[in-house]
């Protein structure tokens, strides 16, 4: 195990807890627009503190990747984007997907069990985060039709499942970017589930054929 891998494994749980703190600090003011000014300032401080922690973590990983630092940055371009681009600030909560890796160590080792763990984690995180992020982008915008959390949650569910009834839709650029990301996640989840089930079925057929061959060879 390399130094970077050891760092990532040791920092996984602390960063997960920081992502939870960031989720609370980010979502609370979005869901409660009448928040006390002092509390809102405190949540801003928490948000920026988590941002600094993520930046320090990424800088540490780059430093530990001695000999291939440029390649490491290129392979982890999404970390650079999440830290540098203010527009992608809500997506820092995707650190919560580290929980899927933690749970994956305790689930069954078969492909279907692992894919199910990731799909459930990605689906819940995508719908929850997507609804909060689009509400943050849309509420207060001219002509917006996503102005309540219930509407945002419904929109996120129909978008991530690629249903798209058209009753709610984003009108801002940031909201549309979030919509595209949810669409990609939805298509990817469907593909992942289909591929894992197909692989499981092929494996079962192979095992059945092997068992029949052993029975025929037996005296």
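The values are calculated or read from the model by the stated rules, or taken from the named source; none is laboratory data. Values in this document were obtained by computation on a predicted structure and should not be read as measured data. For neighbour counting, all protein chains shown are included, and Cβ atoms are generated from backbone atoms with ideal geometry for every residue, glycine included.
Overview of values
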{"quantity": "Residues being part of a helix (DSSP H, G or I), out of contact with any helix residue (DSSP H, G or I) (no Cβ under 8 Å at 6 or more places or on another chain) and more than 30 Å from residue 148 (Cβ to Cβ) - total across the range 33-77", "calculated": "8"}
{"quantity": "Unique residue being within 27 Å of residue 24 (Cβ to Cβ), in a helix (DSSP H, G or I) and in contact (Cβ under 8 Å) with a residue 60 or more places away in the chain when the list is 193, 177, 134", "calculated": "177"}
{"quantity": "Hey, residue 25 closer than 19 Å to residue 134 by Cα, in a helix (DSSP H, G or I) and either assigned by TED's automatic domain parsing to the domain that holds residue 130 or without any contact (Cβ under 8 Å) to a residue 40 or more places away in the chain (or both) or not", "calculated": "yes"}
{"quantity": "Residues that are in contact with a helix residue (DSSP H, G or I) (Cβ under 6 Å, 6 or more places away or on another chain) and not in a loop (DSSP other than H, G, I, E, B), drawn from the range 165-174", "calculated": "174"}
{"quantity": "Qualifying positions in the range 21-34 - under 18 Å from the mean Cα position of the chain (by Cα) and either on the phi > 0 side of the Ramachandran plot or surrounded by 15 or more Cβ atoms within 10 Å (Cβ to Cβ) (or both)", "calculated": "21, 22, 23, 25, 26, 27"}
{"quantity": "Residue within the range 110-129 that is touching a helix residue (DSSP H, G or I) at 6+ places or on another chain (Cβ under 7 Å), assigned to a helix (DSSP H, G or I), at pLDDT below 70 and under 27 Å from residue 3 (Cβ atoms) present", "calculated": "yes"}
